[in-house]
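For reference, the structure is listed below as structure tokens.
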């Protein structure tokens, strides 16, 4: 396993949890065995995503949908002690009377911008929309190149799935702040080389067995796309139709999930990358057969790890229930920390958080009885 990039000195670790009924913050020391909880914050609100700004290790943003305020973003500049709502949350422009407009139903995804662009953030919404903040999340503007440029051209291919139409996986190339990737469920993966002004489809090689034309340019259903921070030319995608890898400058994805056990399959929502090794990744398969139960195949939950870019996979289930555990883990609810022995964390829709401090070799329960979990992200405290 590559160790070209060193992990940080052991420090405290924080888990940022978004749930159907609020946000929770779990903190631990470098041992990652004993956790203390803070919250809930925004009790009763749907929290789709909680993200820390890695550029200052202090600013937190929350993508929330409140009963009385509707979809919005909250910001904390002190690690979650105090919060303020965005002065201008993501919203589509108003249209003239008689015209048909769109309204943001929820803010679904948050991504900090490039390290060189202090205070830049991106937000993806449902229905699909892309927004940018240039003041740390206080005010938001539409990314016109997507909302008014690409979207009208592909609108007929952006069809709501069971969870509606979503824009997620906003990825910024660490070498170039103008190089962006986004994922649309349902719509496909797209790339911009000019900061979001223009976009091209990046769906070649992705199967789409639910479309009349399985080789269509648009209309695919990426569940999550991830870019490796130390090798930005390596991307992974967990898709409605399997697990894929892309090695740039190629524009054709390779289905690496075919190497998974056939009885398990390669359908799921999340994909997690090792923070230093681009050949190492984890997925959490779900049952995607027939009526799409979206639960652990056979009621036997397990993560699967590849250490060779998807050529082979190993099952990791030690510590998990061995049967009758019908878990669903959503796209934002599985993540890793950057320590020497990489920690892994996942949350279930049944309100459990599970962790591993040995790269998935063994698992233990961190929390239970939380609301339906939408997202789990990590933050290393300074």
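The values are calculated or read from the model by the stated rules, or taken from the named source; none is laboratory data. Computed from a prediction, not measured in an experiment: that's the story for all the values here. Quick reminder, even Gly has a Cβ in these numbers, built from the backbone with ideal geometry, and neighbours come from all protein chains shown.
Does the range 242-261 contain any residue that is in contact with a strand residue (DSSP E or B) (Cβ under 9 Å, 6 or more places away or on another chain), at pLDDT below 95 and surrounded by 22 or more Cβ atoms within 10 Å (Cβ to Cβ)?
no
For the range 174-189, indicate whether the set of residues that are over 25 Å from residue 309 (Cβ atoms) and out of contact with any helix residue (DSSP H, G or I) (no Cβ under 9 Å at 6 or more places or on another chain) is non-empty.
Within the range 174-189 (the criterion being over 25 Å from residue 309 (Cβ atoms) and out of contact with any helix residue (DSSP H, G or I) (no Cβ under 9 Å at 6 or more places or on another chain)), the answer is yes, since at least one residue qualifies.
Taking the residues in the range 134-157 that are closer than 19 Å to residue 171 by Cβ and without any contact (Cβ under 8 Å) to a residue 40 or more places away in the chain as candidates, determine which candidate is surrounded by the fewest Cβ atoms within 10 Å (Cβ to Cβ).
By that ranking, first place goes to 134.
Which condition number in (1) under 17 Å from residue 91 (Cα atoms); (2) over 16 Å from the mean Cα position of the chain (by Cα); (3) outside any loop (DSSP other than H, G, I, E, B) is the one that residue 168 fails?
Every listed condition holds for residue 168 apart from (2).
Could you grab me the full set of residues in the range 63-80 that are at pLDDT 95 or above, closer than 17 Å to residue 379 by Cα and either surrounded by fewer than 17 Cβ atoms within 10 Å (Cβ to Cβ) or under 18 Å from the mean Cα position of the chain (by Cα) (or both)?
63
Yes or no: residue 212 surrounded by fewer than 22 Cβ atoms within 10 Å (Cβ to Cβ), modelled with pLDDT under 95 and either in contact with a helix residue (DSSP H, G or I) (Cβ under 7 Å, 6 or more places away or on another chain) or farther than 28 Å from residue 361 by Cβ (or both)?
When the stated conditions are applied, residue 212 passes them.
If we scan the range 242-252, do we find a residue that is touching a helix residue (DSSP H, G or I) at 6+ places or on another chain (Cβ under 7 Å), within 24 Å of residue 342 (Cα to Cα) and in contact (Cβ under 8 Å) with a residue 60 or more places away in the chain?
yes
Is it the case that some residue within the range 218-240 is in a strand (DSSP E or B), within 18 Å of the chain's Cα centre (by Cα), at pLDDT below 95 and surrounded by 22 or more Cβ atoms within 10 Å (Cβ to Cβ)?
There is at least one residue in the range 218-240 that is in a strand (DSSP E or B), within 18 Å of the chain's Cα centre (by Cα), at pLDDT below 95 and surrounded by 22 or more Cβ atoms within 10 Å (Cβ to Cβ).
Which of the numbered conditions does residue 309 fail, given that it passes all the others? Conditions: (1) closer than 25 Å to residue 189 by Cα; (2) crowded, with 18+ Cβ neighbours inside 10 Å.
Unmet condition: (2).
Within the range 92-105, how many residues are touching a residue at least 40 places away in the same chain (Cβ under 8 Å) and buried (at least 19 other Cβ atoms within 10 Å of the Cβ)?
Residues in the range 92-105 being touching a residue at least 40 places away in the same chain (Cβ under 8 Å) and buried (at least 19 other Cβ atoms within 10 Å of the Cβ): 0 in total.
Check off (1) in contact (Cβ under 8 Å) with a residue 60 or more places away in the chain; (2) in contact with a helix residue (DSSP H, G or I) (Cβ under 9 Å, 6 or more places away or on another chain); (3) surrounded by fewer than 13 Cβ atoms within 10 Å (Cβ to Cβ) for residue 130 and give me the number that stays unchecked.
With respect to (1) in contact (Cβ under 8 Å) with a residue 60 or more places away in the chain; (2) in contact with a helix residue (DSSP H, G or I) (Cβ under 9 Å, 6 or more places away or on another chain); (3) surrounded by fewer than 13 Cβ atoms within 10 Å (Cβ to Cβ), residue 130 is out only on (3).
Can you name the number of the only condition in (1) more than 24 Å from residue 187 (Cβ to Cβ); (2) outside any strand (DSSP E or B) that residue 292 fails?
Failed condition: (1).
Could you check the range 28-76 and list, in sequence order, the residues that are in a loop (DSSP other than H, G, I, E, B) and under 19 Å from residue 335 (Cβ atoms)?
29, 30, 31, 32, 33, 35, 53, 54, 55, 57, 59
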